[in-house]
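Heads up, the thing below is written out as structure tokens.
The values are calculated or read from the model by the stated rules, or taken from the named source; none is laboratory data. Just so you know, these numbers come straight off a predicted model, no measurement behind them. FYI the Cβ positions are ideal-geometry reconstructions off the backbone, even for glycines, and counts take in every protein chain you see.
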Amino acid sequence: MNSHALIEAADRCVLCGLCSSHCPTYKLFREEGESPRGRVMMSVALLRGEMEPSKRLVAHLDHCLLCRACEKSCPSGVPYGEILDGAHAMLPSPAGAAYWLEQIALRPRLVALLADGAALWRRLRLPLTALGRAATSRLPKAGRVSSHYPAVGKKLGKVGLFLGCVAGPFDRQTHRDAATLLSRLGYEVTVPQGQQCCGALPQHHGNPERAKQLNRMNQEAFGGQQLDAIIFTSSGCGVQLVEKGDLPAPAMEICQFLLQSPGLDRLLFSPLPQQITLHHPCSLGNVLRGNRAVEALLERIPKIKITLLGPDGGCCGAAGSHRLREPETADLLRQPKVESLLAAESTMLLSTNYGCALHLAEGIEKMGATVEVVHPVTLLVRQLDSRPSIRCRGSIASVVRGNDEVTGNNEAT
Ligand code: SF4
Ligand code: SF4
């Protein structure tokens with residue numbers, strides 16, 4: 001949208017303030033400048049040229065997590081994310097750690113080298129920070145993600161697998177597990193080598209032209225292959241692909257894709273009589289609306305008991321480069337979640353967003369606790385039952401939401 005269209009869209013805001021009670025930064029700071037309504041007004045003033053980008057204004061806009069809980073709750077349909085991106089394009093580019101994250105993320109060979117170096121560092125048992133341990137935990141010893149996985153059994157179609165700039169080299173375990181599930185379902189999986197960052201970092205850092213350039217490279221990488229879908233495993237990247245990608249095939253979150261696949265009953269899972277906690281990233285819940293798909297997929301594991309990460313489902317504080325720009329706020333937002341996880345006494349935490357998973361894993365370590373943090377597809381692969389048929393009639397999976405328990409019969413026949 002151009003400035004004129006953004007101002008028109010922002011005019012839909014009737015200043016009702018309903019969004020504020022959903023906004024994590026407003027709940028923390030109780031200031032109008034830290035509320036969605038305040039930020040929409042500041043963005044419009046900037047776009048109209050009525051306000052200068054003062055230090056205070058820039059700080060209020062920079063504190064936004066872009067979690068889009070406000071957008072989901074807005075009765076007037078104000079496209080908050082678009083408006084904030086438009087305002088950021090008028091501000092100076094971020095400096096410091098956020099700047100360096102973007103510079104590194106846009107250099108795939110450098111990220112791959114860093115991942116290899118980190119894997120070696122871990123193998124040599126050299127000291128790592130809590131974040132370093134979390135980041136290296138998903139580098140499987142068996143090596144890289146292949147460029148091609150053939151369909152197992154009757155072929156249902158062909159999909160592309162999107163990796164992401166940092167998650168590509170670092171979150172190899174998740175990508176390999178995603179490819180395993182897809183191929184076992186009957187999909188041929190291609191992982192184009194020319195693919196790039198989704199563009200979310202430059203998009204939210206006020207550089208939409210750079211984001212478009214990356215998008216064109218991804219269009220080319222996934223083009224000419226007759227794909228049924230382009231699958232992503234990290235929902236934060238997925239939002240950018242879904243909203244801005246215009247890719248040669250529909251971009252789909254892995255769990256949403258698996259759940260709607262006609263071959264899903266081919267996948268049978270061994271029982272897991274354990275308490276698991278599930279984190280729903282803002283990108284998945286507020287934008288992609290995929291929470292239920294992840295839950296429904298996990299409910300296919302007999303006897304699993306799932307608790308949603310508390311206390312209120314709001315942002316964990318990771319939020320793209322927010323964790324680097326505002327580490328204190330990020331820690332404040334994370335702390336109650338880690339406490340709620342530890343109180344639930346779960347053996348594992350699942351999250352569909354790589355950045356959130358790292359941030360939460362770091363918080364768990366800092367509390368001196370040990371809870372494994374993995375993507376839901378990793379748990380699904382661990383529970384995959386290779387036998388041709390298994391009967392688990394009567395096993396019940398349950399998802400606990402606050403005080404309500406929703407049970408689902410997940411019979412496997
Ligand atoms: S953004 Fe939406 S919910 Fe928030 S004040 Fe404006 S109209 Fe109300
Ligand atoms: S995107 Fe999230 S942090 Fe930003 S204003 Fe909306 S609710 Fe608040």
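Remarks
- Check on Gly206, touching a Ser or Thr at 6+ places or on another chain (Cβ under 8 Å), among the small types (Gly, Ala, Ser) and in a loop (DSSP other than H, G, I, E, B): yes
- Number of the exception - Met252 against (1) under 26 Å from Thr370 (Cβ atoms); (2) in a strand (DSSP E or B); (3) without any contact (Cβ under 8 Å) to a residue 40 or more places away in the chain: (1)
- Residue within the range 12-20 that is assigned to a helix (DSSP H, G or I) and within 11 Å of ligand 2 (Cβ to nearest atom) present: yes
- When each of Arg37, Arg30, Arg56 is tested for being touching a Gly at 6+ places or on another chain (Cβ under 8 Å), free of Cβ contacts under 8 Å to residues at least 24 places away in the same chain and not assigned by TED's automatic domain parsing to the domain that holds Ser137, the lone residue that passes is Arg56.
- Test for Ala251: is it farther than 30 Å from Ser346 by Cβ, modelled with pLDDT under 95 and among the aliphatic types (A, V, I, L, M): no
- Any hit, the range 39-57, residues being over 24 Å from Lys244 (Cα atoms) and among the acidic types (Asp, Glu): yes
- Any hit, the range 286-293, residues being surrounded by fewer than 20 Cβ atoms within 10 Å (Cβ to Cβ), of a type in the set (A, V, I, L, M, F, W, C), closer than 25 Å to Ile231 by Cα and not assigned by TED's automatic domain parsing to the domain that holds Lys244: no
Matching residues to (1) within 16 Å of ligand 2 (Cβ to nearest atom); (2) not in a loop (DSSP other than H, G, I, E, B):
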site	(1), (2)
Glu82	yes, yes
Met90	no, no
Ser93	no, no
Leu101	no, yes
Leu110	no, yes
Ala115	no, yes
Ala119	no, yes
Arg122	no, yes
Leu126	no, no
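- Whichever residue in the range 32-65 is among the charged types (D, E, K, R) and within 12 Å of ligand 2 (Cβ to nearest atom) and, among such residues, is modelled with the lowest pLDDT: Asp62
- Counting only strands (runs of 3 or more DSSP E) that fall entirely inside the range 332-413 and contain at least 1 residues that are buried (at least 19 other Cβ atoms within 10 Å of the Cβ) and at pLDDT 90 or above, the qualifying elements are 348-351, 372-374.
- The range 45-84, residues that are within 11 Å of ligand 1 (Cβ to nearest atom), in contact with a helix residue (DSSP H, G or I) (Cβ under 9 Å, 6 or more places away or on another chain) and closer than 19 Å to Ala5 by Cα: Glu71, Cys74, Gly77, Val78, Pro79, Tyr80, Ile83
- Close pairs from the range 261-285: first under 30 Å from Ala343 (Cβ atoms) and within 16 Å of ligand 2 (Cβ to nearest atom), partner part of a loop (DSSP other than H, G, I, E, B) and among the charged types (D, E, K, R), Cβ under 9 Å, at least 6 apart: Cys282/Arg68; Ser283/Arg68
- Being surrounded by 15 or more Cβ atoms within 10 Å (Cβ to Cβ) and farther than 17 Å from Ala178 by Cβ holds for only one residue in Gly96, Gly132, and it is Gly132.
- Scanning the range 21-33 for residues that are away from ligand 1 (no atom under 13 Å from the Cβ) and assigned to a helix (DSSP H, G or I) yields Pro24, Thr25, Lys27, Leu28, Phe29, Gly33.
- Within the range 66-80, the set of residues being in a helix (DSSP H, G or I) and either away from ligand 2 (no atom under 11 Å from the Cβ) or of a type in the set (Lys, Arg) (or both) comprises Lys72 only.
- Just so you know, in the range 1-20 the residues that are more than 9 Å from ligand 1 (Cβ to nearest atom) and polar (S, T, N, Q) include one that is surrounded by the most Cβ atoms within 10 Å (Cβ to Cβ), and it is Ser3.
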